[in-house]
Amino acid sequence: MPVRAHITGVGGYLPERVLTNRDLERIVDTSDEWIVERTGIRERHIIAEDQRTSDLALEAARQALADAGIEAGDLDALVVATTTPDMVFPSTAAIVQAKLGVAGFPVWDIQAVCSGFVYGLAQLAGMMEAGMFRRVLLVGAESMSRILDWTDRSTCVLFGDGAGAVVLEARDDGEGGVLGSVLDADGSHRKLLMAAHPHPGASPDAVGDAPDDAPDLQVDAAGVAAIEMKGNEVFRIAVTRLGEVVGRVLDHCGMDESEVDWLIPHQANIRIIQATARKLGLGMERIAITVDRHANTSSASVPLALNEYYRAERIRPGQVLLLEAFGAGFVWGANLVRWSKS
Ligand code: ACO
C-alpha cells in the first residue's frame, strides 16, 4: 500500500458572538431577504475583541488533537492557513505552537486566501508521501470581520470568523487518506478581490497599476485595508473554475462523479455551491452546507464544514470526499479524500 496522509482528528471553533442578517439591517442598508436569496447566509460568528486569529486556531487545534488521541508534542509539523494573521510576522503557526506549549518541529503559514486549507492539505499530503513527516496539524483560521468595511453592504454581509483543524497521519495500511489534489491559480484577476497588506506601512502604491474600473483602495487610519470585490465577476469565474477543478481532480485520481459520497465545498455562496453540485450530478443531500450559519470564513470554511458533518456522523469510513475552494488571486483547488476514520 502507498503511504498516504490520513485524517485522524478533526476540530472546529466558532467565536461566541452571532451576528444575524437582522442585526446587519441595523448597520447597513440591506435586508435578511436580499442576503438569503443572493447568498444563502443567515448568520455568522464574530471574533471577540480580546481574541486573535491564533486563539481561534488554538481552540480548533486542541479539539483536533484530542480527537486524534495525540498530544501537541507528538507533531512533526504545524501549518496554519490564514489570510488574517495575528501580525505580519512571526507566522500565526509559530504563535499557535507557542500557545500549545511545544517546540522542536517546523511551523509555517499558508496564504492562499479562501483556498488555504485545500492548498495546505495538498502540500502536507505530498510532503508526507515523500516521507518528511508522520504527524502534522493543519489549521484554517480567520478573523475576516477585522478586514471588512462595515459601511460596505456589498461585502460586509458575506463573511464570518472561525477555525477548523485536522490532524494528518502518514499510513501505508489501507485504502484511505488523501488520494490526490489539483491546485491552480490566475493572478491576472487579482484586482477583482483584494485587501491591501494589513500592516501600517501598506500604501495604495502596493497594488500598482490598478485599472480605472478596479475598486478604490480603502485603507483606514491604522493602515488596515478592507475587502473590496467585484462580486458578480468573482461569482462567474468561481463557478467556471470550480466546475473545472472538480473534474480535474477526479481525472487525476482515475475516478468519476458517481464515486463521490460528499462534496465539502468552500462556503462562500449557496448558489456557487449548487452550481458545482450540479456539475457533479450530486443531490444537495450529499453536500456539506454551513454557509447559512457560518457565512464565508475563508480558509476555515472547508475544515469547519468537515468538522460539522464528521461530528454529526454523516461522514462514514470508506466514503469519498471531494473538497474544493476558490479565492482571491484567483487561486483555487480540490482534494479527494477517502475517509478512514471511524
Ligand atoms: N443588500 C441589499 N442590496 C445589496 C447588497 C446588500 N447586502 N449588496 C449589494 N446590493 C445591491 C447592489 O447595490 C445592486 O444594486 P443596484 O442594482 O441598484 O446597483 C444589487 O444589489 C445587485 O448587486 P450585484 O452585485 O449585481 O448582486 P449579485 O447578484 O451579483 O450578488 C454577491 C452579489 C452576493 C456578492 C454575488 O455576486 C456573489 O456572491 N459573488 C461571489 C463573491 C464571493 O463569494 N466572494 C467571496 C470571496 S471569493 C470566494 O470565496 C468564492
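Counted as membrane-span-like here are DSSP H helices of the chain whose alpha-carbon atoms extend 20 Å or more along the helix's own axis and whose Kyte-Doolittle mean is -0.5 or above; these are 53-68, 231-252.
In plain terms, the chain from Asp292 to Val88 could stretch by 70.3 nm, reckoned as 0.36 nm per residue minus the Cα-Cα distance. The calculated pair-distance distribution of region 4-175 uses every alpha carbon pair, bins of 10 angstrom beginning at 0, and gives 11, 36, 29, 16, 7, 1 percent.
Taking 0.36 nm per residue of sequence separation and removing the Cα-Cα distance, the Asp152/Asp173 pair yields an extension gain of 2.4 nm. Remark: the chain carries a charge dipole of roughly 560 debye about the Cα centre, counting +1 on each Lys and Arg Cβ and -1 on each Asp and Glu Cβ. Dipole size of region 4-175 about its Cα centre, with +1 on Lys/Arg Cβ and -1 on Asp/Glu Cβ: approximately 160 debye, rounded to the nearest 20. If R0 is taken as 45 Å, the Cβ-Cβ distance between Arg22 and Asp261 corresponds to a FRET efficiency of 0.80. Taking a straight line from the alpha carbon of Lys99, not one of the lysines sits under 27 Å away once near neighbours fewer than eight places off in the same chain are left out.
In terms of packing, defined here as the mean over residues of other Cβ atoms within 10 angstrom, the peptides 131-139, 12-20 line up highest first as 131-139, 12-20.
What fraction of the Cα pairs in the chain, stated in percent, has a spacing above 27 angstrom? The proportion of pairs with Cα distances above 27 Å equals 41 percent.
Straight-line cross-link reach from Lys230 at under 17 Å between alpha-carbon atoms covers these lysines, not counting any fewer than eight positions away in the same chain: Lys191. Evaluated with a Cβ-only charge set (Lys, Arg +1; Asp, Glu -1), region 251-342 carries a dipole of roughly 220 debye about its Cα centre, given to the nearest 20.
When the Cα atoms of region 25-76 are aligned to their principal axes, the ranges along those axes come out at 50, 25, 15 Å in descending order. Each label was represented as a point 7 Å from its Cα along the Cα-to-Cβ direction; for Arg278 and Ala130 these points are 4.0 nm apart.
Where a number appears in this text, it was derived from the coordinates with a stated rule and is not lab data. A quick note: this is a predicted structure, and the numbers were derived from the prediction, not measured. Methodologically, a virtual Cβ is constructed for each residue, glycine included, from the backbone with ideal geometry; neighbour enumeration extends over all protein chains shown.
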